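Visitor: Below: one structure in structure tokens.
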Amino acid sequence: MEEEVTLLRGLGLDERSTLVDLGAGTGTLALAAAAMCRRVVAVDVSPAMVAAAKEKVAEHGASNIECVQAGFLSYEHVGDPADFVYSRNALHHLPDFWKAVALDRIAQMLAPGGILRLRDIVFAFDPGEAQRFIHAWLESGKARPHDGWTCAELEEHLRVEHSTFGWLLEPMLERAGLEIEHADYGSRRVYTEYVCVKTGRS
Ligand SMILES: C[S@@+](CC[C@H](N)C(=O)[O-])C[C@H]1O[C@@H](n2cnc3c(N)ncnc32)[C@H](O)[C@@H]1O
């Protein structure tokens, strides 16, 4: 997470910034970022995750983090517009129609020039190449959960979650007024990391 905070700082995160983490889980990024900014809102739809995040925040005595139980489609941002929205490994929970709605909502909560840092399983290949890239991805699954995602977990992800192609997601970002400044597709082309900037369009 330190690397991510360093990246965010390079993009302008400082002691005046508000950061919203959507699908924040137990608040690891929120905690790492809180020391560098004014306000952090850690949002997650799961009551269990929010409870765990609150516990961690209390343990660390971080007074500038709010933990909110809400989802991409229900979180209502109050206060100054966000300078940063962060989301890792969470947007794929929504089918594409709802991803587009969620991205539009993200654009609305960002200040002009604000940044969306989005990291998720996003496929950067054509449908005709799917067999090759997915096979290689499944092959990369770890033997034990302790070491990372197992092949069975990756298969389950493909079956029941809503990871999509980059060439579908990217027009959704652009349509929401989130200009893609940087996209890193990784060597396996199954995980993409975006930096997007809110333009004047949204
Ligand atoms: C794989 S975890 C990632 C957690 C954290 N971002 C991280 O990188 O460690 C996915 C998180 O997304 C949350 N989530 C699932 N659907 C969501 C939704 N519609 N809105 C917000 N969060 C959601 C889950 O509760 C879970 O905490």
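Visitor: Which log10 I(q)/I(0) values does the chain give at q = 0.13, 0.16 Å⁻¹ under the Debye formula, counting every alpha carbon as one identical point scatterer?
Guide: The calculated log intensity ratios at q = 0.13, 0.16 Å⁻¹ are -0.72, -1.08.
Visitor: For Asp80 and Ile134, FRET efficiency with R0 = 41 Å and r from the beta-carbon atoms, rounded to 0.05?
Guide: 0.45
Visitor: Still on this model: Sorted from largest down, give the three principal axis spans of the alpha carbons of the stretch 22-132, whole angstrom values.
Guide: In descending order, the Cα extents are 51, 30, 24 Å.
Visitor: Could I have the simple spin-label model distance between His182 and Ala111, label points 7 Å from Cα toward Cβ, reported in nm to one decimal?
Guide: Reported label-point gap for His182 and Ala111 is 2.0 nm.
Visitor: Which aspartates and glutamates have a Cα lying under 20 Å from the Cα of Lys54, excluding residues fewer than 8 positions away in the same chain?
Guide: Asp21, Asp44, Glu66, Glu76
Visitor: Let me ask something else about it. Given the -39500 (n - 2.57) contribution per DSSP H run of 4+ residues, what per-residue ellipticity at 222 nm results for the chain, rounded to the nearest 500 deg cm²/dmol?
Guide: -11000 deg cm²/dmol
Visitor: Let me ask something else. Have a look at Gln69, Thr150, Asn89 and report the one farthest towards the positive end of the charge dipole of the stretch 62-155, computed about the Cα centre with Cβ charges (Lys/Arg +1, Asp/Glu -1).
Guide: Thr150
Visitor: In the stretch 3-36, what GluC sites (Glu not before Pro) fall in a loop by DSSP, with at most 15 other Cβ atoms inside 10 Å?
Guide: Qualifying residues, ordered by number: Glu15.
Visitor: Then there's this: In debye, nearest 20, what is the charge dipole magnitude of the stretch 1-96 about its Cα centre with +1 on Lys and Arg Cβ and -1 on Asp and Glu Cβ, if you could check?
Guide: 100 debye
Visitor: Report, ordered by chain and residue number, the lysines lying within cross-link reach of Lys99, taken as a straight Cα distance under 22 Å and ignoring same-chain residues fewer than 8 apart.
Guide: Excluding near neighbours in sequence, the set is Lys198.
Visitor: Quick one: putting +1 on the C-beta of Lys and Arg, -1 on the C-beta of Asp and Glu, what dipole do you get for the chain around its Cα centre, in Debye to the nearest 20?
Guide: 140 debye
Visitor: Just want the answer: with Cβ charges of +1 for Lys and Arg and -1 for Asp and Glu, which residue in Thr192, Leu116, Leu138 is farthest toward the dipole's positive end in the chain?
Guide: Leu116
Visitor: Turning to a different aspect of this structure: Most exposed first by the Cβ proxy, i.e. fewest other Cβ within 10 Å, how do His146, His135 rank?
Guide: His146, His135
Visitor: Could you tell me which GluC sites (Glu not before Pro) in the stretch 43-149 are loop residues by DSSP with no more than 16 other beta carbons within 10 angstrom of their beta carbon?
Guide: On the way: sites: Glu55, Glu59, Glu66, Glu76, Glu129, Glu139; in loops: Glu76.
Listed in order of number, the matching sites are Glu76.
No value in this document is a laboratory result; all are computed from the given coordinates. Everything numeric in this text was worked out from a predicted model, so none of it was measured. Neighbour counts run over all protein chains shown; Cβ positions are idealised from the backbone, glycine included.
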